[in-house]
Amino acid sequence: QVQLVESGGGLVQAGGSLRLSCARSGSIVRPNAMGWYRQAPGKQRELVASIGSGERTIYADSVKGRFTISRDNAKSTVNLQMNSLKPEDTGVYYCAADYVTRYWGQGTQVTVAS
C-alpha cells in the first residue's frame, strides 16, 4: 500500500517562502511521476508541478520562475520549494504519485497572507 505524507505547510506573508516535502512509503517501485496539486476553497484542484523520468518537470504557468520541484529517489521524497508566494497561492497542497493508479496524500495547508 503506497502512502504519501506531506509536510511543510503553514502561514506566511506575501513574498515569503515555504518548502513542502512529500514522503513516499509502501513500495520499493518508483512511481512513473510525482507531483504537487493544490486546491483553493470553491475551486478545482490544479496541477502545480510534476516531475517524471529523467527529472523532466512541468509547471503551471502561474508558478513558473517561483516554484521548483525536486526529488530524492534514494530517500523516496519529492519537494516543492515555493518562493515569492502570493495570496493566490493559498490552498491545500496535495502530493500525488502515479503508478498504474494515482495515489494522493492527505494534503498540507498553505496560507499566504496579504
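The values are calculated or read from the model by the stated rules, or taken from the named source; none is laboratory data. The model shown is predicted, which means the values in this text are computed figures rather than measured ones. Positions of Cβ are backbone-derived with ideal geometry, glycine not excepted, and every protein chain shown enters the neighbour counts. Heads up: the accessible areas ignore ligands, DNA and RNA and are worked out on the full protein's heavy atoms, side chains in. Shrake-Rupley method; radii C 1.70, N 1.55, O 1.52, S 1.80 Å.
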**OP:** With +1 on each Lys and Arg Cβ and -1 on each Asp and Glu Cβ, and nothing else charged, work out how big the dipole of the chain is about its Cα centre, in Debye to the nearest 20.
**Re:** 100
Subject >> the chain, accessible area per residue, ligands and nucleic acids excluded (1.4 Å, Å²) >> reply: 55
**OP:** Starting from the Cα of residue 64, draw a straight line to each of the lysines and keep only those under 18 Å, dropping any in the same chain fewer than 8 residues away.
**Re:** 86
Original post:
aspartates and glutamates within cross-link reach of residue 43: Cα-Cα under 18 Å, excluding same-chain residues under 8 positions apart?
Top reply: 61, 88, 89
Original post:
Among the aspartates and glutamates, which have Cα under 20 Å from the Cα of residue 75 when same-chain residues fewer than 8 positions away are ignored?
Top reply: 6, 55, 98
Original post:
Where the accessible area of the chain is counted over protein heavy atoms with a 1.4 Å probe, how much of it, in %, is carbon and sulfur?
Top reply: 48
Original post:
Order of 42-53, 87-98 by packing, highest average Cβ count within 10 Å first?
Top reply: 87-98, 42-53
Original post:
Among 114, 100, 50, which residue has its Cα positioned farthest towards the positive end of the charge dipole of the chain, with +1 placed on the Cβ of Lys and Arg, -1 on the Cβ of Asp and Glu, and the dipole taken about the Cα centre?
Top reply: 100
